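What follows is calculated from the coordinates using simple rules that are stated; it is not laboratory data. This one's a predicted model, so the numbers in the text were calculated from it and none came from an experiment.
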Amino acid sequence: MLRNGLEPWHLLIVAVVFLLLFGSRKLPDTARALGKSMRILKSEAKAMKEEDGTRGSAG
């Protein structure tokens with residue numbers, strides 16, 4: 001069992017819904033765009049943490 005009561009078959013249902021919504025042709029592009037967005041989000045969060053650390057030591 002995964003966190004928050006999610007079972008593996010819940011993930012299967014989510015995957016099927018994605019296939020139905022986006023279709024098999026658009027799925028790789030959608031996954032690529034999602035991955036790119038996640039990388040941007042992580043880098044921005046890291047930059048914000050570094051900026052906070054700089055302010056804390058300077059102030």
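Provide the per-residue ³J(HN,Hα) series for segment 48-53, in order, calculated from phi with Karplus coefficients 6.51, -1.76, 1.60 and θ = phi - 60°, each as a whole number of Hz, with x at glycine and proline positions.
5, 5, 5, 5, 4, x
If you bin the C-alpha pair distances of the chain every 5 Å from 0, what whole percents do you get?
Histogram of Cα-Cα distances, whole percents per bin: 4, 15, 12, 12, 15, 14, 10, 7, 6, 4, 1.
Mind checking which aspartates and glutamates have their Cα closer than 19 Å to the Cα of LYS42? Skip sequence neighbours fewer than 8 apart in that chain.
Within the straight-line cut-off, LYS42 pairs with GLU50, GLU51, ASP52.
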